[in-house]
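Asks: Have a look at this one before I ask anything.
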Amino acid sequence: MIDKKLVAWGSSGNIIREIAEYGAEQAKKVGAENVYNFTIGSPSIDPPAIVRETMERYLNTVPAAKLYTYAPAPGYPAVRQKIADYLSETYSVRYRGQDVIVTCGTSTCLAVLTRVLLSGGGKAMTFAPYFMDYKYYAESVGSSLIECPTESGTFQLDVDAAERYITPDTMMLVINTPNNPSGVVFTRERLEGLAALLERKQKEYGHPIYVVADGPYRELVYDGQEAVYIPSIYRNTIDCYSFSKGMSLPGERVGFLAMAEDVDGYADIMAACMGVIRSFGYICVSSFWQQVAVDCIGATSDISRYRENRDLLYGSLTDMGYTCVHPDGAFYLFMKTPEPDAEAFARRAMKENLLVVPGDPFGTPGYVRVAYCVGHDVIKRSLPTWRKLAEEYGLGK
Ligand code: PLP
């Protein structure tokens, strides 16, 4: 018999993709310029120029048979070393090449680490709102995801709430800052408070509590905000990163996990990660793309374009009377819906070809996520529709 839960996950699909597909259909009917699709967190900005130069260099200098060969399962040693050197220099946490595993984006890191860290039992925890796939990863290994609230209204990390939600069953805590879907960047003060709490709880429970730092947006911070590198403040952290967002390479599927040697249970975790990767049938990350992306590590797309989008969207929506959390990072704006049922609002907006995602699957009803990684012109053209809806809901009066 096939597990009914897996069938349900596969059949219901992903609400983000469903709305986006509706948008694609509408674009055929009414013209792409009349559909304002804010559903997908896929960069609209070109990768930095160095990516194309590096691709061309590899294509022109490395024979095809060598370029497209199988890479070692954890990644090429030279690629792992480059990542380790970059992290060590940038964040002052010491990594060696063997502390890094090249993965298919952060999704793989999260799926693999969830399987490994919960293999002896226990639960995962995260802060709501959160990236919905965490739940599937935890449930697919027969565990569950505990959703700890953030501070009401600001979505900032709430250390007191964390203290109430952490139990002896808590084995791993997934932290995503800058956050999808809120755009909030957790402050150093709060993260250090959390780190102190976790140290205390580890001693009390007599087992490690691992932080899985899901950081694909860490370069995407605006106005001098700091995206704290969590491994530098809490030892039992595993860093998860991807080239999908900051380097605009989401479809090429390159990322990595990095774990310093002093993380508790280091050798077993590293070995078990490789075991899970093998059991998932991954073989390796694209040989070509892991070399290209990592040769460009540190380069980012022109992030100022996202900041311009954020400023226009946040400024316009709040002027119209909508309530939004100020997004300091990533490329999402989280907006309180003018009616409590976020899905009803999203469906009303859909009729105007304005596509946003309800907050419910992110663990936060009453909000919609607006992904502003779109062309600036899309935001400009969408404003009259936002205004029409604001008037209809009686906002700004
Ligand atoms: N984590 C968060 C918070 C995300 O928003 C995403 C993608 O949107 C991912 C992980 C997975 O991205 P990727 O596997 O492309 O790195």
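Asks: If I ignore ligands, DNA and RNA and count only protein heavy atoms, how much of Asp3 is accessible to a 1.4 Å probe, in Å² to the nearest 10?
Replies: Counting only protein heavy atoms, Asp3 exposes about 80 Å² to solvent.
Asks: Another question, if that's okay. For Ile146, which sequence-distant residues (separation of 5 or more, or a different chain) have an amide H within less than 5 Å of its own amide H, given hydrogens modelled in the peptide plane?
Replies: Ala124, Met125, Thr126
Asks: Moving on to the next point. Does anything in the stretch 249-264 have its amide N under 11 Å from the 7 Å Cα→Cβ label point of Arg94, and if so which residues?
Replies: Only 261-262 pass the distance filter.
Asks: When the helix-only estimate is applied to the chain (DSSP H runs of n ≥ 4, each -39,500 (n - 2.57), divided by the residue count), what is the mean residue ellipticity at 222 nm, nearest 500 deg cm²/dmol?
Replies: So the helix-based figure for the chain works out to -13500 deg cm²/dmol.
Asks: Report the charge-dipole magnitude of the stretch 95-213 in Debye, nearest 20, computed about the Cα centre from +1 at each Lys and Arg Cβ and -1 at each Asp and Glu Cβ.
Replies: Dipole size: approximately 280 debye.
Asks: Once label points are set 7 Å from the Cα along Cα→Cβ at both Leu59 and Ser119, what is their separation, rounded to one decimal in nm?
Replies: 4.0
Asks: Relative contact order for the chain: what is it in percent, counting Cα pairs under 8 Å that are at least 6 residues apart?
Replies: 23
Asks: Take the Cβ-Cβ distance between Tyr22 and Lys203 as r, set R0 to 45 Å, and report the resulting FRET efficiency rounded to the nearest 0.05.
Replies: Efficiency, from the Cβ-Cβ distance: 0.30.
Asks: Under 1.5 on a/c is rounded, so check that first for the stretch 89-236, then, if it is not, pick prolate when a/b is larger than b/c and oblate when it is not; a ≥ b ≥ c are the square roots of the alpha carbon gyration tensor eigenvalues.
Replies: Rounded shape, in that the Cα axes give a/c under 1.5.
Asks: A further question on this structure: With a Förster radius of 41 Å, plug the Cβ-Cβ distance of Tyr282 and Glu391 into 1/(1 + (r/R0)^6) and report the FRET value to the nearest 0.05.
Replies: Rounded to the nearest 0.05, the efficiency is 0.20.
Asks: Still on this model: Straight-line reach only, C-alpha to C-alpha below 16 angstrom: list the aspartates and glutamates that Lys380 could link to, leaving out same-chain residues fewer than 8 apart.
Replies: Cα-Cα hits under 16 Å: Glu33, Glu308, Asp311, Asp319, Glu352.
Asks: Can you bin the stretch 307-397 into rounded, prolate or oblate? Criterion: square roots of the alpha carbon gyration tensor eigenvalues sorted a ≥ b ≥ c, rounded for a/c under 1.5, prolate for a/b above b/c, oblate for the rest.
Replies: Note, shape of the stretch 307-397 comes out rounded.
Asks: Mind listing the phi-derived Karplus ³J(HN,Hα) values for the stretch 277-292, rounded to whole Hz, using 6.51, -1.76 and 1.60 with θ = phi - 60°, and x for any glycine or proline?
Replies: After applying 6.51 cos²θ - 1.76 cosθ + 1.60, I find 4, 5, 5, 7, x, 6, 6, 6, 7, 2, 4, 5, 6, 5, 6, 5 Hz.
Asks: Compare the peptides 32-39, 279-286 by average per-residue count of other Cβ atoms within 10 angstrom and give them in order, highest first.
Replies: 32-39, 279-286
Asks: Provide the gained length on full extension for the span Asp311 to Arg164, in nm with one decimal, where the gain is 0.36 nm per separating residue minus the Cα-Cα distance.
Replies: 49.3 nm
Asks: Follow-up. On full extension of the chain, what length is gained from Ser232 through Asp319, given 0.36 nm per residue of separation minus the C-alpha to C-alpha distance?
Replies: 27.4 nm
Asks: Right, another one. For the chain, find the longest principal axis of its Cα atoms and tell me its angle to the long axis of helix 105-117, 0 to 90°, nearest 10.
Replies: 60
Asks: Another question about this same structure. Once amide H atoms are built 1.01 Å from N in the peptide plane, which residues 5 or more positions from Tyr210, or in another chain, come under 5 Å H to H?
Replies: Residues meeting the amide H criterion: Met172, Leu173.
Asks: Using a 10 angstrom cutoff on alpha carbons, build the Gaussian network for the chain and name the most mobile of Gly246, Gly255, Gly315.
Replies: Gly315
Asks: Roughly how many nanometres apart are two label points built 7 Å out from the Cα toward the Cβ at Asp302 and Ile50?
Replies: 1.7
Asks: Give the accessible surface of the stretch 6-66 per residue, rounded to a whole number of Å², with probe radius 1.4 Å and ligands, DNA and RNA excluded.
Replies: That works out to 63 Å² for each residue.
Asks: What accessible area per residue comes out for the stretch 71-215, rounded to a whole number of Å², with a 1.4 Å probe?
Replies: Computed with neighbouring chains in place, this is 36 Å² per residue.
Asks: Let me ask you something else. Could you list, in their original order, any pairs among Lys5/Lys135; Lys123/Lys336; Lys29/Lys351; Lys28/Lys351; Lys351/Lys388 whose Cα atoms are separated by more than 18 Å?
Replies: Lys123/Lys336
Asks: Per-residue counts of other Cβ atoms within 10 Å, averaged by peptide: what ranking do you get for 194-202, 66-74, highest first?
Replies: 194-202, 66-74
Asks: Applying the Karplus parametrisation 6.51 cos²θ - 1.76 cosθ + 1.60 with θ = phi - 60° to the phi angles of the stretch 326-343, what ³J(HN,Hα) value in whole Hz is obtained for each residue in order, glycine and proline being reported as x?
Replies: 5, x, 8, x, 6, 9, 10, 10, 10, 10, 5, 7, x, 10, x, 8, 5, 5
Asks: When the accessible area of the stretch 49-295 is split by element with a 1.4 Å probe, what percent falls to carbon and sulfur?
Replies: 51
The values are calculated or read from the model by the stated rules, or taken from the named source; none is laboratory data. Please read these numbers as outputs of a predicted model, since none were measured by experiment. Positions of Cβ are generated from backbone atoms using ideal geometry, with glycine treated the same way; all protein chains shown enter the neighbour counts. Quick note on the areas: whole protein, heavy atoms, side chains included, nothing else; ligands and nucleic acids left out. Shrake-Rupley method; radii C 1.70, N 1.55, O 1.52, S 1.80 Å.
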